[in-house]
Amino acid sequence: MALDKNIQVEEQQNYGGDQIQILEGLEAVRKRPGMYIGSTSSRGLHHLVYEIVDNSVDEALAGFCNHITVEILPDNVIRVSDNGRGIPVDINHKSGLPAVEVVFTILHAGGKFGGGGYKVSGGLHGVGASVVNALSNWLEVNVRRDGKIYTQRYERGKPVSKLEVTGTCETENTGTVVTFLPDDTIFEETVFDFNILKTRLRETAFLTAGLRITLRDLRAEEPVERSFHYEGGIREFVAYLNNSKTPLYNDIIYCEGEQNGVLVEVAIQHNDSFQENAYGFVNNILTPEGGTHIMGFRNALTKTLNDYGRKNKLLKDSEPNLSGEDIREGMTAIISIKIQDPQFEGQTKQKLGNSEARSAVDSILSKNLEVFLEQNPQVGKIIIEKSVLSQRAREAARKARDLTRRKSALEGFSLPGKLADCTDKDPKNCEIYIVEGDSAGGSAKTARNRATQAILPLRGKILNVEKARLDRIYGNEEIKSMITAFGTGIHEDFDIEKLRYDKIIIMTDADVDGAHIATLMLTFLYRFMPELIRQGHVYLAKPPLYKLERNKKIWYAYSDDELNRILDEVGRDNSNKIQRYKGLGEMDADQLWETTMDPENRVLLRVTMNEDEASEIDVTFTTLMGDKVEPRREFIEERAKDVQNLDI
Ligand code: TSJ
């Protein structure tokens, strides 16, 4: 196939070697990078890598590539290599440039060419290689094709050499290598995070069955390498997400199909938890806001299971239909579609709008799920029985909630008895300390600034919401008092405008138990009020680990490193008195104020979450809070080195 027919460049006026026009295109990218890659923060920086990798994934989807390697070289240079056909190098007649140069110098060329087939690079920010080139200090491309090695170099988007043959290779040895250094005058952050790349590349490997993706970090003396390769694709993704949970049946329900140009793949397995854990992907891009593909999925699931339950008398005629929520309780699922021209809608342009996606997912899943249930009646029975239990718990929870609502309407708004509220009523100035144990709660009440700091002591370990159904959660005293104290309500009643405190500060002992209680608290907030975390209202207090006394002077150290720094400064001899704090209770109120609560001196850790890693956050919580010991031990060992990193 002639290449010039294969390449369509959007900006017609850019043709004919009109260099100025072309440069203007990329200059626009440098002027307003956010428009093209979302942001110039760490997120945008990592996005550059995905933009390049997506091109290799397209080559894999087309069936010509089965291995992609991503390397972080010293000085945060990135190298992406694949064993595909190699980007075409012949001259594109319209522009007079080699095809590969068009890819790197003309805006949007990347997502447009090679018509036919499904392109992940045509997605949300799928703006292609030219944007990465424009935002790189330098970029080098290396193509192996027809027994030759071709090379070209660019600086800030402009070619500084012609495409040249720089060597030869076996004709069977084909592929593309792109190496680049992100421009440090554009990005606020230029250091790559291995874990962020690892999560995303693992996800990409799950979504592209059979493709191997290797990630290598060559910045330190000891190279670090991870390789991802899943013959089972999204089936293995679901198994991975359920790894630390107990599945309710062994099979992973799986189907794939195509309808009106939409490729659909779905994998489902229920576990004994009470959370829904479903992720939709459009052209390999996560869609947290959902859209038509998710609507089709939900409709098919609810209808097929109700029909199945009725037909097989698992649901009595007298019983109401199961709701979608009942069926999705404890369900882990991946819905992955590939579509030629995805339309994203809504405020954040993250919600899929294509109506053909809804009907494709709906009919492909309905057909296949019905067959699966007929062939696996034991699985059908388990899902229906679980859903009926969920339905009853939901009904009980609703009644309990209605009762509370009616009660508070009668009695007026009443705060929990244990809360020592602050006097200032402007939420902007106020903070609430959630404190473990009544005794630490007592010191905190004495220590606090009554005007702006409220204290809510909780008794012992709070309920693990990963392991409880809704009715128990809403019946739990500690959880009820947090909900009323915050003022926001919960679920469909949740309203962040009603939040009574700007900061919610979790204060626990600096030991293993304290960390466990903090995790239980975060789990509750993440599952039931994620908006509080998203908007940055949730913090962990950091009490000191050591008190050092020397010649009547006192220092507090919040880590072993800090203690050593102080000791180096003041001298290591026997006039040092070092106390290791085992709990908040060992400090008197003055010390607690000075070290942990005084806004002038304290250390607060803000809890954040990276929405790009949504599926990984779930793995974090269920691994930490689930019953299985082995996955938890592995997880903690793997993360032990960056425990101070609070991104959940
Ligand atoms: F776009 C890019 F430069 F960012 C990039 C593209 C970066 C990397 C690492 C790889 C690639 C890439 C592109 N890998 N493989 C391809 N394949 C093609 O561009 C290609 C090859 C052959 C034909 C053909 O019709 O013969 C068509 C295409 C689109």
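Taken together, the values in this text are just the output of simple stated rules run on the coordinates, not laboratory data. The shown structure was predicted, so the numbers you read here are calculated from the model rather than taken from an experiment. For neighbour counting, all protein chains shown are included, and Cβ atoms are generated from backbone atoms with ideal geometry for every residue, glycine included.
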Taking Cα atoms, the helix 292-311 axis meets the longest principal axis of the chain at an angle in degrees (rounded to 10) of 70
Whole-Å distance, taken between Cα centres, linking the range 346-389 and the range 458-477: 30
Alpha carbon centre of the range 494-556 versus the range 246-292: separation in Å? 34
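What is the extension gain from K381 to E325, computed as 0.36 nm multiplied by their sequence separation minus the C-alpha to C-alpha distance, in nm to one decimal?
Full extension of this stretch gives 18.4 nm more.
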For every other residue with a beta carbon closer than 15 angstrom to the beta carbon of A360, add +1 if it is Lys or Arg and -1 if Asp or Glu, then tell me the sum. -2
Can you give me the distance in nm between label points at R450 and T171, each placed 7 Å from the Cα along the Cα-to-Cβ direction? 9.0
Around E172, under 14 Å between beta carbons, what's the net of Lys plus Arg minus Asp minus Glu among the other residues? +2
Order of T622, T69 under a 10 Å beta carbon neighbour criterion, fewest first: T69, T622
Rounded to 10°, Cα long-axis angle of helix 42-61 versus longest principal axis of the chain: 50
List residues of the range 448-481, by number, whose backbone nitrogen lies under 20 Å from a label position 7 Å along Cα→C-beta of T423. 448-456
Where Rh is the Kirkwood radius over the Cα pairs of the chain, the temperature 25 °C and the viscosity 0.890 mPa s, what D in µm²/s does Stokes-Einstein return? 88
Given the pairs K445/K480; K245/K338; K303/K399; K351/K399; K399/K467; K381/K480, which span a C-alpha to C-alpha distance of over 24 angstrom in this model? K245/K338; K303/K399; K351/K399; K381/K480
Cα convex hull of the range 158-280 - mean projected area over all directions, nm²: 14.2
Do the sum for the chain: with -39,500 (n - 2.57) for every DSSP H run of n ≥ 4, divided by all residues, what is the mean residue ellipticity at 222 nm, to the nearest 500 deg cm²/dmol? -11500 deg cm²/dmol
What shape does the range 400-521 have by the C-alpha gyration tensor, where a ≥ b ≥ c are the square roots of the eigenvalues, rounded means a/c under 1.5, and otherwise prolate means a/b greater than b/c and oblate the rest? oblate
Euclidean distance between Cα centres, the range 565-625 to the range 174-190, Å: 37
Neighbour-limited loop hits for GluC sites (Glu not before Pro), the range 226-310 (at most 11 other Cβ within 10 Å; DSSP other than H, G, I, E, B): E231
What's the angle, to the nearest 10 degrees (0 to 90), between helix 19-31's Cα axis and the longest principal axis of the chain? 10
Would you mind getting me the FRET efficiency between A220 and K313? Use the beta-carbon distance for r and R0 = 45 Å, nearest 0.05. 0.10
